[in-house]
1. Just to check I understand the Karplus step: with θ = phi - 60° and J = 6.51 cos²θ - 1.76 cosθ + 1.60, what whole-Hz values come out for segment 205-211, glycine and proline as x?
2. Across segment 164-173, in residue order, what do the Karplus-derived ³J(HN,Hα) couplings come to in whole Hz, using 6.51 cos²θ - 1.76 cosθ + 1.60 with θ = phi - 60° and x for Gly and Pro?
3. For HIS69, list long-range residues whose amide hydrogen, built 1.01 Å from N in the peptide plane, is under 5 Å from its own amide hydrogen.
4. Please list 279-289, 127-137 highest first by mean number of surrounding beta-carbon atoms within 10 Å per residue.
5. Long-range amide H contacts for GLY460: which residues qualify at under 5 Å (H placed 1.01 Å from N, peptide plane, sequence gap of 5 or more or a different chain)?
6. From the backbone phi of segment 423-434, what are the Karplus-calculated ³J(HN,Hα) couplings (6.51 cos²θ - 1.76 cosθ + 1.60, θ = phi - 60°) in whole Hz, Gly and Pro given as x?
7. Taking N as the number of residues in segment 8-137, what value does Rg over Cα atoms divided by 2.2 N^0.38 Å take?
8. Between SER89, PHE124, ALA28, whose Cα lies farthest towards the positive end of the dipole of segment 8-137 when Lys and Arg beta carbons carry +1 and Asp and Glu beta carbons carry -1, centred on the Cα centre?
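Read-outs: derived from the displayed coordinates by stated rules, not from any lab. If you're wondering where the values come from, they're calculated on a predicted model, not measured in any experiment. FYI the Cβ positions are ideal-geometry reconstructions off the backbone, even for glycines, and counts take in every protein chain you see.
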Amino acid sequence: MDDQGCVIALFGISRDITERFRNIFQHADIGIAITDLEGRFLRCNPAYCAFLGYSEEELRGLTVPKLVHPDDLARNMFEVEQVLSKELSWFEIENRYCHKDGHEVWVHKFVSVLRDDAGRPTSFFALVTNVTERHRMHEVLEQRVAERTEALRARKAFNREILDSLSAHVAVLDAAGEIVAVNRVWEKAAMHNDPLGLAQISLGANYVRVCEHAADDSPEVRWTLAGILDVLAGRKQVFETEYLCAWPGHRQWFNMRVTPLSDRGGCVITHEDVTDRKRAEEALRDSFQRLQALSREVQLAEERERSRLSRELHDEFGQVLTGLKFDLMDLARTVVKPRRGSITASRRKVMRALGMVDRLFASLREMVSGLRPSLLDELGMVPALESLATDIQERSGLYCRVVADPISFQSRCGVEVESAIYRMTQELLTNVVRHAKATMATVTLGRTDGWITLRVVDNGRGFNIRSVKTTKQFGLKGVEERAELLGGKVEIHSKLRRGTMVTIQVPLDLPTTRRGPVAQARRPKSATTRKRRRSGI
């Protein structure tokens, strides 16, 4: 505010949006994790850390395969291979994780692979829910069913009420795979719509034989049959899978779970309708996609706000300072031939005031450039980066040069991409000045095959890449996040006392990105604007 209490400028308008996005990630009840293709953790939220008992720092030193229970690892890796080979775009699975203190944690997770525009996988994104309590309740229920079944068979007085009280489709198999009992839900499904195809696998049928006949045409059935046989043979304590049943006008999801009976052999098979849960998970996926879109909009809004504030500072303050400087210069000329005494003192005051105005101009230029460099809007990335390099060289003494082919960047790349490239370059060069103890840095910018490649190389002291990936030091976290939001990737190569090279690749085609005008700042400059330029703004 000025001396009269009038608002001159507003700051922090987009800060609240960014804070809300951060709060969503940090305070979500569901676990969220991002890993590289080897399963190394790149980022995870507090909910994910909580149900495993590790801190985020500790998880960055582990991999997903080390946390997955050994008995569940093969199935987990099978799904991963399916996604990497493009058989699936994502998968969902329930498996056990090993808690830090040693106990098992059941989780339900949705995993998607993130790919670049060329279709190459870059990382995994996982939404993870702790379902240990549900599994415990389910296991208790199934164990009760198994124990009661054995007791009633021993007395030859099997009580159907236990099975009929369950909402799931339940069948009890003996050691040979023959169905010795089914519940009422199973029977009703067999008699009516039969979405599970239960008509041919009712009481007395051999469940294993039916699966064997169907396995010839379906790898999924073969895999399910192998799981059932593993439970019957005692090689597994539990087998579980989810599958979709679809027929005209209707779709239902089921969770199939196979658990062993007691020492007499056999198993209990349940098919539980989980359609409502699947719909909730689909809604969660939609929310996640909206969240991703929001995060990019936040950055766009931030750049727009920076641009607006930069223009207002430039236009309003610059005009006032220009007028003040001209007035002081006119006043100085009126006392060119001073007499001894007060006029000489007045001239000194005028010259001192002119010096203060020049310092204000310098401060204003720095503020405007920090908010949104005008060259980025007016001339594009290459001149803006060259100006940035010159400014850093003048302020820090670091020899800094930009290597780029201006012809490749005659056509603009879009506000979002250009802003991100500029901010990432600014952050990387700032890191070099602060941490690298380098004497030279080179910024290389290239554009080929729909990608922009930014490379920053310095001759500094270098660092241990593993420790940086674990601790996210040197400001690289923000750079990686900016690149990932645009579908890009970051590679870091560094050796102690040999310098560092950071390479960033960002696609030009952003499906959900709104491209802004590129010629906004190329409009003819007014006389007032030219006058301000001569005054140093």
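1. In residue order, the calculated couplings are 6, 9, 4, 5, 5, 4, 5 Hz.
2. 5, 7, 8, 7, 7, 6, 10, 9, 10, 10
3. For HIS69, the qualifying residues are ARG96, TYR97, CYS98.
4. 127-137, 279-289
5. Close amide H contacts, sequence-distant or interchain: GLY499, THR500.
6. Coupling constants for segment 423-434: 5, 5, 4, 4, 5, 5, 5, 4, 4, 4, 5, 6 Hz.
7. 1.19
8. About the Cα centre, the residue reaching furthest to the positive side is ALA28.
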